[in-house]
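Data block below; observations after.
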Amino acid sequence: MQGERDLAATQLLMSHLCHELVSPIGAVSNGIEMLDDFGDDELAPEAVALIRESGKAAAAKLRFYRLAYGRAGQASDLGLAQCAGAATELLATDARVALDWPAGGATGGAGAAEADARLAPGGPQLLLNLVVLGVAALPRGGRVAVALEPGPGRSTVRLIASGPGAKLSDAVQAAVRGENPPLDHGNIHAWYCQRLATALATRIVLGLAPDQVRFEVALPSLVD
């Protein structure tokens, strides 16, 4: 039964990745068709611009999901500054959502190097998937803010998604809390976040308020 559930989860995650890539890759194809049809005509610069921007968007999505889904996201040298850069590039393709993630994700004056040295492998990957979950909680756009408070043994990460109508469905809330609801496209990232948290021997604390969704998780730190 668990094997079937894991297979369904894999299929849903890959479906999401394909959905993310369809639009920019399709736009690249459209730009190439414009060049084929009009050649050196006045539309050629517009076609080249479409290809360039769509290619950048596709590359940003691939870089982000390589870390969020792949083994690269479990690398011991993956730091928060790199994750913040990947998330910034991803959300640059979505004008509806602004990202507030200081370099390294640290607060209280801590720099990128200090923050990078604190989270153990797997922690940054969970945080990237929480970004996806936060964006999904903003149907009308808004802001995703990330902050990290270093501590001995574990560091507290907070992600706040705020905007008009910010909310999580009951099925997503159930998945975050580990209640194993039926999986679908709407709650797959919540389920995946919960599985990543379980692997790190921690749990995600969910907070809900009008126009705001808050995630908090204590992630293991690297031993110096």
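Brief remarks follow.
- Screening the chain for whole DSSP H helices with an alpha carbon extent of at least 15 angstrom along the helix axis and a mean Kyte-Doolittle hydropathy of at least 0.5 yields 80-91, 123-136.
- Computed over region 2-220: relative contact order in percent, which uses C-alpha pairs under 8 Å that are six or more apart: 17 percent
- Per-q log10 I(q)/I(0), the chain, q = 0.08, 0.09, 0.12, 0.13 Å⁻¹ (Debye; single scatterer per alpha-carbon; no solvent): -0.32, -0.40, -0.67, -0.77
- Summarised in one figure, the compactness ratio Rg/Rh of region 16-76, Cα atoms and Kirkwood Rh, is 1.18.
- Along principal axes, Cα extents of region 166-224, largest first, whole Å: 40, 26, 15
- The length gained on full extension between A49 and R71, counted as 0.36 nm times the residue separation minus their Cα-Cα distance, comes to 4.6 nm.
- Subtracting the Cα-Cα distance of A209 and D100 from their residue separation scaled by 0.36 nm leaves 37.3 nm.
- Scoring 144-153, 184-193 by mean Cβ neighbours within 10 Å over their residues and listing the highest first yields 184-193, 144-153.
- A full extension of the chain between F38 and A199 corresponds to an added length of 52.6 nm, given 0.36 nm per residue minus the alpha carbon distance.
- Förster radius 22 Å - calculated FRET efficiency between T88 and T10, Cβ distance, rounded to 0.05: 0.20
Each value in this text was obtained by applying a stated rule to the coordinates, not by laboratory testing. All values derive from a computational prediction rather than experimental measurement. Ideal geometry is used to build each Cβ from the backbone, glycine not excepted, and the neighbour counts take in all protein chains shown.
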